Structures are given as structure tokens and as C-alpha cells.
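Enquirer: This is the structure, below, for whatever I ask next.
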Ligand code: UGA
């Protein structure tokens, strides 16, 4: 049994804490937000994340996990995880206020500690932060020496919202950055015990590499999505092309891989936008402008408004038109609206004089805080599309996949559907008399070169063979 403190009970900290607690460790969670602590104490997840509710109920009830607003209990812990947020600043940089505060309180509690403690930096921080910011604060506050009295490791997380519990339990790899072999060895031993037989590859490296791996990981994935969205824009203008078939084709190349090739209305969330901007800003402080990452961000900014162009193509002026937005969260299975594409899209539609009605299965409460009374909130997806001039799919929730083309045709004033996440079969919609457009779907022509409505060539062979 390991005694663990987790500083910061946001999506990463809380999920990490309950997963550790479920495996027989004794975990205390520390956060300054008293409302959040009260909810967690009552085993109510402060945000939506699959499996979190049951894990929280189990570990709070059996006492393996408890929460406090006072950091002094950390003195008895073997591991202190730092999982506080690093919000973006106006200039695209990174706000280290919470990281510095956490380092200060951990350092102060270390002053009283009689045993070795390992401080694990899981917050996303730019390269050099653990070595030049966290470690000096810990040493100053504790009046002890890192590498002797306590250890410091960088240990970035790769949890996806909506899959965070699964990702915490079954990570692809564990990255441990440290200049202190004893600290790295202790953290690796803890993970060996935690994961048992299913431990993934462990990479031991420097603090700076670990920190850069986190940013490079998110930058690569976001760039991959911006790349496929760029090709989608080409496909949309190419007769008989469809980005789904193109993505399936290139995804079978093992060097490319099929994941994160879903073209759509763009990427959002609390991580990609913030982390890419922070990486660009960090890089510029080193005198290098990373053009590719900048381009991925700019491509995404344009992509977020692509659905408005498609709506204009179908309806002409959007002034006074009723637009139904299906999906507001930045992706399915979360209620998170941070940097959601829906925000730019709705604001763009309102600026053009459209009347917006929106529905999301989980994010309505968060959406109300953002859009207030500028839009209408629907009761369910069917209520949302009633009397609409155009429906736009913004988040690929399962609830929307089952709405039939006939429902759209029956309920809408003019049945224009824009599939921003490619969840529908174009043929079925076109056959139902719907004016259907979708990200990455080119115009179709008959053999004689006329516009027609048949399906483009999306063919997936049964078993992809290896190249000779
Ligand atoms: C992302 C990373 O995937 C995690 O590994 C990382 O730990 C996390 O950021 C973080 O830094 O904490 P997350 O933001 O939860 O996770 O969401 P993703 O599943 O990566 O999706 C990000 C955005 O890309 C969403 O808006 C999604 O709709 C979009 N996306 C994703 C696409 O448009 N197409 C795709 O093929 C995949």
C-alpha cells in the first residue's frame, strides 16, 4: 500500500486519484475549491466522465480516498502528485500560478516530513519547469535537498476526456523524467505494482524530454486532424471524392495509422488549443518559430467556420434563418465546453443574423453559462430540429446517429443537413429528399458527368494485407 497525495482535483487529478485508490493505495485529494471538495466528499463527480461516479462511490465509501483543503496531511505520503491546471495566458503562454502554489505547499509540508517523499509533476508544463521552477520552490520551502531528502519526477499524462479512467488504467506508455535515478526507480516500482502484468513500456528520460513529449504528443495529434481537415477541404471541391474513403485508404499505411483521421468541424477542448499555443510561445522564446504548428492552429481556426460557409451555400443569407446545432461539447462523452468548436460556430452564426437553437446530451448547463440568452435551448435532438432551416452536426454523440433522414425531412422547415462529423450515410439522406452536405464530401457526377446523388466509392477490403 502506497500513501499518495494528489494536489488538484480536476479531470486529471480526480481520475488519477480514484484509480490509485481502487488498487489498494491510500489516497488523499487536496484542492482549494471548497465546493468541489464537498461534492467529491459526497461522492458526486464535479464533472461528467464515464466510470468516475462508480469509482468515486467505491473509494470514498471504503475510505481508500478522502479529500481535504489542508495540505499538511501530505507529510505522511510517499508520493505527492501535482495535477493542478496550467491555463493559457493572453499571449499564448502558460500560467504557472497553480503549479507554483502547489510546489509551495508541498515544500512546506516536506519541511516536517521525516521520510523520503517523491514529488511527481503531472501537470502539463513547458520544458524546464520541473527543474528550474518546481524543484527550487520545493527546496526553498522545505529547506531540504532534492535528490537526497526527496525526489522530483516529471510524469506527463495522456488521458483523453471521456476515456480518462480507461487511459489511467491502461496507458500506452509511462514517461518518467528525472535527473535523479533513485526517484525514477521509485516511481517505476510504484507503476509496476499498480499495473502488474499489464505494465506498458516505461521510458526513463530527462525532465525536459518528458515535458516536451507531452506537448509534442498533443501537437502531433492536432496537426494530424488539421491535416485531414485540409485534405477534406480539397475533397469537398473534387467531384466524386469523399474524405472518409481517403482517410480509410491512407490510414491503412502503418506509418500513418487510422486514428485521429476523422475529418470534421475542427478540434477543441482544454488541451489541444492551449498546448499548441504554449508550445509555439515556448519555441519563440528560444528564437524559433514553429511554422507547422502555427499552421495547424490557423487551419483549425478556419475549419471551425467551414459549416457556416456550407450553410450559406445552401441557404444564401443566414439572416433570420433558424439553425439547429446538434452537439455543443468539444467531443462526445463529456460536458466540457472549453474551446469547443460550437462556440466559434454559434458566434459566427449569430453574427450573420441567424437564430440558433441548440441541444447537447451533457453540456447544456455549461453552454448556458457561455451563450446565456443569445440562443434557444432545445429539450432533445428532435425538439432542436423542429422547424429548422438547417441542422448542423457539431459533436458526434450516439444520440444523433440514430435520427433518421425522415425525421429531419418531416420536422424541418427546409431540410438542409450539414454533417460536420460524418456520422450519416449521404445516400440515405439524399434519397429522403434532404439537401445534404458534409465535411470532406465532394459533389457527385454520373458517368455522363452530370451531378447525381449516388454514394462515392467508400470500399473497405476485409483484411488489409501487408505490403510485400
Ligand atoms: C487530448 C489527447 O488526446 C490526450 O492524450 C491528452 O492527455 C489530453 O488531450 C490532454 O492533454 O490532457 P482530449 O482533449 O480529451 O485529449 O480529446 P481528444 O480525444 O484528443 O480530441 C481533441 C479534439 O480533436 C476534439 O475536439 C475532437 O473532436 C477532435 N478530433 C479528434 C477530431 O476532430 N478528429 C479526430 O480524428 C480526433
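Enquirer: Consider the range 298-314. How many of its residues are without any contact (Cβ under 8 Å) to a residue 60 or more places away in the chain, part of a helix (DSSP H, G or I), surrounded by 14 or more Cβ atoms within 10 Å (Cβ to Cβ) and within 15 Å of the ligand (Cβ to nearest atom)?
Expert: Qualifying residue count for the region: 1.
Enquirer: Taking into account only those residues within the range 123-144 that are in a loop (DSSP other than H, G, I, E, B) and in contact with a strand residue (DSSP E or B) (Cβ under 9 Å, 6 or more places away or on another chain), which is surrounded by the most Cβ atoms within 10 Å (Cβ to Cβ)?
Expert: Per the criteria, the residue is 123.
For every residue, the table says whether it meets (1) surrounded by 21 or more Cβ atoms within 10 Å (Cβ to Cβ); (2) more than 21 Å from residue 118 (Cα to Cα); (3) away from the ligand (no atom under 13 Å from the Cβ).
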residue	(1), (2), (3)
161	yes, yes, no
176	yes, no, yes
181	no, no, yes
189	no, no, yes
192	no, no, yes
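Enquirer: Quick one: is residue 388 over 21 Å from residue 229 (Cβ atoms), crowded, with 23+ Cβ neighbours inside 10 Å and in contact with a strand residue (DSSP E or B) (Cβ under 6 Å, 6 or more places away or on another chain)?
Expert: Yes; evaluated as a whole, the condition is true for this residue.
Enquirer: Buried (at least 18 other Cβ atoms within 10 Å of the Cβ), within 16 Å of the ligand (Cβ to nearest atom) and within 25 Å of residue 261 (Cα to Cα) - does that describe any residue in the range 145-157?
Expert: Yes - at least one qualifying residue is present in the range 145-157.
Enquirer: Sticking with this one: Restricting attention to the range 267-284, and to residues there that are more than 18 Å from residue 304 (Cα to Cα) and out of contact with any strand residue (DSSP E or B) (no Cβ under 9 Å at 6 or more places or on another chain), which single residue is nearest to the ligand (Cβ to nearest atom)?
Expert: 279
Results for (1) out of contact with any helix residue (DSSP H, G or I) (no Cβ under 8 Å at 6 or more places or on another chain); (2) at negative phi; (3) in a loop (DSSP other than H, G, I, E, B), shown as yes or no for each residue.
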| site | (1), (2), (3) |
| --- | --- |
| 215 | no, yes, no |
| 222 | no, yes, no |
| 228 | no, yes, no |
| 233 | no, yes, no |
| 239 | yes, yes, yes |
| 249 | yes, yes, no |
| 255 | yes, yes, yes |
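Enquirer: Now for a separate question. Does the range 325-341 contain at least one residue that is away from the ligand (no atom under 16 Å from the Cβ) and either more than 17 Å from residue 264 (Cβ to Cβ) or surrounded by fewer than 20 Cβ atoms within 10 Å (Cβ to Cβ) (or both)?
Expert: No, every residue in the range 325-341 fails to be away from the ligand (no atom under 16 Å from the Cβ) and either more than 17 Å from residue 264 (Cβ to Cβ) or surrounded by fewer than 20 Cβ atoms within 10 Å (Cβ to Cβ) (or both).
Enquirer: Here is a follow-up. Would you check if there is a residue in the range 219-234 being away from the ligand (no atom under 16 Å from the Cβ), at pLDDT below 95, more than 23 Å from residue 86 (Cα to Cα) and surrounded by fewer than 21 Cβ atoms within 10 Å (Cβ to Cβ)?
Expert: no
Enquirer: Just checking, which of 356, 346 is away from the ligand (no atom under 16 Å from the Cβ) and without any contact (Cβ under 8 Å) to a residue 60 or more places away in the chain?
Expert: Criteria check complete, one pass: 356.
Enquirer: Could you check, for the range 195-210, whether at least one of its residues is within 16 Å of the ligand (Cβ to nearest atom), buried (at least 18 other Cβ atoms within 10 Å of the Cβ) and more than 26 Å from residue 26 (Cα to Cα)?
Expert: Yes, the range 195-210 contains at least one residue that is within 16 Å of the ligand (Cβ to nearest atom), buried (at least 18 other Cβ atoms within 10 Å of the Cβ) and more than 26 Å from residue 26 (Cα to Cα).
Enquirer: Let me ask something else. Does residue 172 satisfy the criteria of being touching a strand residue (DSSP E or B) at 6+ places or on another chain (Cβ under 9 Å) and without any contact (Cβ under 8 Å) to a residue 60 or more places away in the chain?
Expert: no
The values are calculated or read from the model by the stated rules, or taken from the named source; none is laboratory data. These numbers come from a predicted model, not from an experiment. A quick note on method: Cβ atoms are made from the backbone with ideal geometry, for glycine too, and the neighbour counts reach across all protein chains shown.
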